[in-house]
Amino acid sequence: MLSLVSFRAVLIMSNTLPQSNMMVFLFQDNRIHTSKYNILTFLPINLFEQFQRVANAYFLFLLILQLIPEISSLTWFTTIVPLVLVITMTAVKDATDDYFRHKSDNQVNNRLSEVLIDSK
């Protein structure tokens, strides 16, 4: 089945339209965003991603079991130290990677570009 698609021409900076009939069109910006996080979303998203890994979820489960004194043979401290160390080191690595992604995005977004007017 064929569908009919209508096209419309948008005149930008045209002197042919009177000022009262000028229409404002909002376009999506074309900035590049390759970074995953911002300052507000880093901690929750990073922790969510880290506990998606089986090893980190396993150590968290062991930590919860270590908090129950009747079934634990070790203290909770022996489980939390490796878990916090691994999570902290991975978070620092992810933060530095994302910082460099932000820098690269800003560099690409601030490049000078050539604008064609009237196909010239």
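Each reported figure results from applying straightforward, stated rules to the coordinates on display, with no laboratory input. What you see is a predicted model, and the numbers here were worked out from it, not measured in a lab. Here the Cβ positions follow ideal geometry from the backbone for every residue, glycine too, while neighbour counts run over all protein chains shown.
Summary of values
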item: Around Asn109: net Lys/Arg minus Asp/Glu count, Cβ-Cβ under 10 Å; result: 0
item: Table column - 3J(HN,Hα) (Hz), the stretch 79-87, Karplus curve with 6.51, -1.76, 1.60, x for Gly and Pro; result: 9, 6, 5, x, 5, 5, 4, 5, 5
item: Length added when fully stretched, Asn109-Leu67, from 0.36 nm per residue minus Cα-Cα; result: 10.1 nm
item: Nonlocal amide H pairs with Trp76, under 5 Å, H built at 1.01 Å; result: none
item: Relative contact order (percent, whole number), the stretch 40-94, Cα cutoff 8 Å, 6+ residue spacing; result: 33 percent
item: Normalised convex hull volume, the stretch 19-108, alpha-carbon set, Å³ per residue; result: 146 Å³
item: Karplus (6.51, -1.76, 1.60) ³J(HN,Hα), θ = phi - 60°, over the stretch 34-39, in Hz, Gly and Pro reported as x; result: 10, 7, 8, 10, 10, 4
